[in-house]
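Chemist: Starting off with a structure, shown below.
The values are calculated or read from the model by the stated rules, or taken from the named source; none is laboratory data. Just so you know, these numbers come straight off a predicted model, no measurement behind them. Glycine gets a Cβ as well: all are built from the backbone with ideal geometry, and neighbour counts include every protein chain shown. With ligands, DNA and RNA removed, areas are computed over all heavy atoms of the protein, side chains included. Shrake-Rupley method; radii C 1.70, N 1.55, O 1.52, S 1.80 Å.
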Amino acid sequence: MKMLLLLIALLSAALLASAAPPTCYSRVLSLSKEITQSFNELQTSKTDACVGTLPRLYLDIHNYCVLAKLRDFVAYPGCDRVVEVNELKEKARSLYTILISYCRRDLVFLTDDCNALEIPISPPIEHSTTES
């Protein structure tokens with residue numbers, strides 16, 4: 001009986017730990033990655049010619065200029081007829097709202113370099129070493 005209670009306690013503790021609500025930072029980070037990935041997929045699929053005219057959408061939530069970048073993207077007048085673009089604009093609008101409302105006091109912007117959002121830095125390439 002003690003083993004059964006111990007097992008139930010361990011399982012419920014594990015479920016509670018994984019069911020913790022996301023923090024503002026984790027929500028903003030995951031949504032920004034999702035938006036950037038969706039934008040990249042949209043650019044490669046080129047469902048419509050207007051997709052190529054969309055402003056670049058590389059998001060770094062540690063950069064204060066991300067707010068202006070999101071505003072500009074949402075307000076961009078082209079491609080309103082493309083469903084995927086409208087969905088992406090809605091996600092960008094949600095991220096903007098979260099940044100300026102819900103998480104306003106929780107986030108710290110580390111830079112305000114707007115050019116960094118135009119030309120993203122590629123992650124370093126990891127070289128594997130093999131022993132002979």
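Chemist: Every residue in the stretch 35-60 that is open to solvent by 10 Å² or more (accessible area, probe 1.4 Å) and touching a Ser or Thr at 6+ places or on another chain (Cβ under 9 Å), please.
Modeler: If the condition is that a residue be open to solvent by 10 Å² or more (accessible area, probe 1.4 Å) and touching a Ser or Thr at 6+ places or on another chain (Cβ under 9 Å), then TYR58, LEU59, ASP60 are the ones that fit.
Chemist: Another one. Out of all the residues in the stretch 61-72, is one or more over 28 Å from PRO22 (Cα atoms), out of contact with any Asp or Glu (no Cβ under 6 Å at 6 or more places or on another chain), open to solvent by less than 70 Å² (accessible area, probe 1.4 Å) and modelled with pLDDT of 80 or more?
Modeler: The answer is no; no qualifying residue exists.
Chemist: Give GLU34, GLU41 a once-over and let me know the one that is acidic (Asp, Glu) and under 8 Å from the mean Cα position of the chain (by Cα).
Modeler: GLU34
Chemist: Kindly list, by first and then second residue, each pair from a residue in the stretch 36-54 that is modelled with pLDDT of 85 or more to a residue that is open to solvent by 50 Å² or more (accessible area, probe 1.4 Å), limited to pairs with Cβ atoms under 6 Å and residues at least 6 apart or on different chains.
Modeler: LEU42/GLU84
Chemist: How many residues does the stretch 57-95 contain that are of a type in the set (Lys, Arg) and in a loop (DSSP other than H, G, I, E, B)?
Modeler: Applying the first criterion (of a type in the set (Lys, Arg)) to the stretch 57-95 yields 69, 71, 81, 89, 91, 93.
Filter once more, so that each one left must be in a loop (DSSP other than H, G, I, E, B): 81.
The number of residues fulfilling the criteria is 1.
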